[in-house]
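The values are calculated or read from the model by the stated rules, or taken from the named source; none is laboratory data. What you are looking at is a predicted structure, and each value in this text was computed from that prediction instead of being measured. Reconstructed Cβ throughout: ideal geometry from the backbone, glycine too, with neighbour counts over all protein chains shown. With ligands, DNA and RNA removed, areas are computed over all heavy atoms of the protein, side chains included. Shrake-Rupley method; radii C 1.70, N 1.55, O 1.52, S 1.80 Å.
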Protein chains: 2
Amino acid sequence: MKAVGIVVEYNPFHNGHALHIQESKKQTEADVVIAVMSGSFLQRGEPALVNKWARTDMALRGGVDLVIELPYRFATANAELFARGSISLLEAMQCDAFCFGSEDGKIAPFLDTYHLLQEKETEYKSALKTFLKEGKSYPAAASLAFRSLSSNERGLDLSQPNNILGKEYVHTALSNNYKIKPFTIKRVAAGYHETTLHDKAIASATGIRKAIIEQKQSMQTISNYVPHSTLAILETYITYYQSFHHWELYWPLLKYRILTSSAAELASIYEVEEGIEHRLLDIAKHSSTFQQFVTQVKTKRYTWTRIQRICTHILTHSLQAEMEASSFPSYLRLLGMTEKGQQYLQSVKKELPLPLISKISVYNDDDITPDLRATNVFAQGLTEPYQTELIKREFAAPIRLKV
Amino acid sequence: MKAVGIVVEYNPFHNGHALHIQESKKQTEADVVIAVMSGSFLQRGEPALVNKWARTDMALRGGVDLVIELPYRFATANAELFARGSISLLEAMQCDAFCFGSEDGKIAPFLDTYHLLQEKETEYKSALKTFLKEGKSYPAAASLAFRSLSSNERGLDLSQPNNILGKEYVHTALSNNYKIKPFTIKRVAAGYHETTLHDKAIASATGIRKAIIEQKQSMQTISNYVPHSTLAILETYITYYQSFHHWELYWPLLKYRILTSSAAELASIYEVEEGIEHRLLDIAKHSSTFQQFVTQVKTKRYTWTRIQRICTHILTHSLQAEMEASSFPSYLRLLGMTEKGQQYLQSVKKELPLPLISKISVYNDDDITPDLRATNVFAQGLTEPYQTELIKREFAAPIRLKV
């Protein structure tokens, strides 16, 4: 069986994701789709709208055959680490190809960019350093530094978040001499930052989240943009748990944590650096909401996403030493599978270079601690008995979808 | 002016406390009453029913002339430290006497007990060790050890919490050769653990709290047992803040803190010892309420109070190293005063051996950090804007009562 790997958050799963799965299979002639999916907290430094089990369910019902969890330390990291974690897991899962969405849908510029950066690494790094020193945010500085290299338009527009991720995916695969082959398809949805729902069948996940959280619209509003299965899962979730997850739910815990930490303790948290801890301590005291807090902490250099990531690490108490303990994932955590996924798993089981965890209770390794802690924290967004239930769920078997 | 010192929590101030003030003045022929009062968290390891400003107000309206805050590290400690902190502050305030409530109202047995323990210190300590090894709780072991010394009935009944505190007050004063003289008056209220309201004008603070928190009774139920001023302050408080403070309000924060701490991190907290951290971690995961949590953690050796104190230190993130940094209070924090109190303060100002803090914003010392943190945590029990307001209140001037 041939497998294609994809890297996803499914926050929530929508029509664009379903299309991504179909196109990825078609382009790579794959029989099986393996998704590496983030767990409780996401790359933009925020809690997932619904827990990983509901999102795994969406994925399996939407066409994915196997869902592997991207560990917390990669799922909430910068593009480079995020890509290293996810592509290395897809390689470990013996995928023949991986396929990501990009603005233009052509793989050549990604390969060119990789080679260009290999050739001009020193110039790139020095230009990056210069732009960072000027106070630019990391994405802005990277994009500018890259543009300063290529007069001949060989490269990508690196101001596009999807292109940055794609560049890092390709970098991970090529620089590590992986067998897995990179593919890309053109994104059909509106831009990543698009937040208003249009009268089209495809809307961004951000737009869908805004519609159901901030604008408190009924589920029916989003029914054109998500598969029936997603709609049903979201409706069950809100009926059962009574709330989706979003930062404001966790603000009392984050505020409490900041106000009971010394500056030195905050500085020991992953990504808390350059004295930002003093700013966090000062501003937390007088902030009533997360929105208010980040708005006040934000500077040109510290983007909203960067601050959210810092906040996520403080909330989950992720120490720098712990987060930097390993540079590649050390296990394959299985969240769910279809029958076809299970067959694929049987066929590759003996070749897996990493331990496959289908039940956490039988796995004992420090590497998984940040993920267990992330789930414990994520569960605090729920009332009882759901809180205790979700913490226990972590130790149960993966989802098996029979179709 | 002659001053008598008293040690109080006023949780809340009731008729028994008013009587204590009157009797203390009478017995010691004092003009002025100085109360050393706990702040946000109390000796039994729980948040105060109402904040320290409301309780200072109650104290001043109830007959106290000066209110000095007992710092967190003494207010939430065992009887020995609690007494050392409070009596040393009263000595620093130049009080001529201090007067505490006891079961029999006679000072001689306290003095005898002090001398007996001085004579037989070694026997006492070895007996104490034996009883602790047998798995007895500290209060039980101390009481048994003491009884094993005195065949001739010279001593006190140390199974009474008030007698234990009194013994430590006297010990602090005598062992440090303080000028301050110990006095005691007979408690007229029902026992300390009495929790049902009787048809008498005096009820225990515990009974009053139970009536208004757990039994959700109207304020009128307690009107026979507290002065009008207390009733008015409590009514204003509940109308304004919408809630009294109790452990369940803080349980989500405590649970969050425990579940995001490693065993080693928990063990670095004050009073977390003997491996109890593993027990806390295990049980927190599956507990929905504070009540449920403590009930499950409780053992013969770990009394409810001891567990509550441990929980308080975890909640306020009070590290062992920080808590043990000083063995006596290093400042006098003024929370409130009447006009007479202010006159007294003027008269002794030059003799104070410790800095007098009337505004925290002008005082910069690490010793006060645990108290600021305690207030930050205590404030998390409120909704906004009261939370931010209470955090700011900490930096404002003391209460001045004009009568």
Efficiency of FRET from Cβ geometry, B:Glu274 and A:Thr289, R₀ 56 Å, rounded to 0.05: 0.85
Accessible area buried between chains B and A, both sides summed, probe 1.4 Å, in Å² to nearest 100: 2200
Computed [θ] at 222 nm, helices only, for chain B once each DSSP H run of length n ≥ 4 contributes -39500 (n - 2.57): -14500 deg cm²/dmol
For the protein assembly as shown: Kirkwood Rh in Å [reciprocal of mean 1/r, alpha carbons]: 29.9
Inter-label distance for A:Leu281 and B:Tyr240, nm, one decimal - labels placed 7 Å from Cα along Cα-to-Cβ: 2.9
Percent of Cα pairs exceeding the 37 Å cut-off, where the set is chain A: 19
Part-to-part distance (alpha-carbon centres) for segment B:49-83 and segment B:9-47, which is given in Å: 8
Cβ-vector label at 7 Å, A:Ala108, separations to other copies in nm: 10.8
Net dipole in debye of segment A:247-315 [+1 Lys, Arg Cβ; -1 Asp, Glu Cβ; about Cα centre; nearest 20]: 220
Cβ-Cβ FRET estimate between A:Ala321 and B:Lys392, R0 fixed at 45 Å, reported to 0.05: 0.80
Under 19 Å between alpha carbons - lysine pairs in segment A:272-377 that sit 8 or more apart or on different chains: 5
Cβ crowding within 10 Å averaged over residues, with B:277-285, A:293-301, A:140-148 ranked highest first: A:140-148, B:277-285, A:293-301
Of all DSSP beta bridges in the protein assembly as shown, antiparallel share, percent nearest 5: 20
Average beta-carbon neighbours from other chains, 10 Å sphere, peptide B:256-264: 5
For segment A:3-133, share of DSSP beta bridges that run antiparallel, in % to the nearest 5: 5
Cβ-defined net charge surrounding A:Glu271, 12 Å radius [Lys, Arg +1; Asp, Glu -1]: -1
A:His228 versus B:Ser159: modelled label distance in nm, points set 7 Å from Cα along the beta carbon direction: 7.2
DSSP-defined beta bridges in chain A - what % are antiparallel, rounded to 5: 20
Cβ-vector label at 7 Å, B:Glu324, separations to other copies in nm: 3.1
Cα-based reach from B:Lys120 at 26 Å (exclusive), listing lysines while leaving out same-chain residues under 8 positions away: B:Lys106, B:Lys129, B:Lys133, B:Lys136, B:Lys167, B:Lys179, B:Lys181
For A:Asn176, inter-copy label distances in nm, listed shortest first [label point 7 Å out on the Cα-Cβ vector]: 6.2
Spacing of the two label points (7 Å from each Cα toward its C-beta) at A:Met219 and A:Thr383, in nm: 1.9
Partner chain coverage, peptide B:335-341 - average Cβ within 10 angstrom: 0
Global geometry of segment B:120-159, whether rounded, prolate or oblate, following the gyration tensor of its Cα atoms and the 1.5 cut on a/c: oblate
Residues in segment A:61-100 reached by a label modelled at A:Ser361 [backbone nitrogen below 17 Å; 7 Å Cα→Cβ]: none
Sorted peptide list for A:338-350, A:358-370, criterion being average Cβ within 10 angstrom, highest first: A:338-350, A:358-370
Modelled FRET efficiency - R0 35 Å, A:His115 with A:Lys300, Cβ distances, 0.05 increments: 0.65
Student exercise, the protein assembly as shown dipole from Lys, Arg, Asp, Glu Cβ charges, in Debye to nearest 20: 700
Charge dipole (chain B, unit charges on Cβ, about Cα centre) - positive-most of B:Leu116, B:Gly105, B:Gln308: B:Gly105
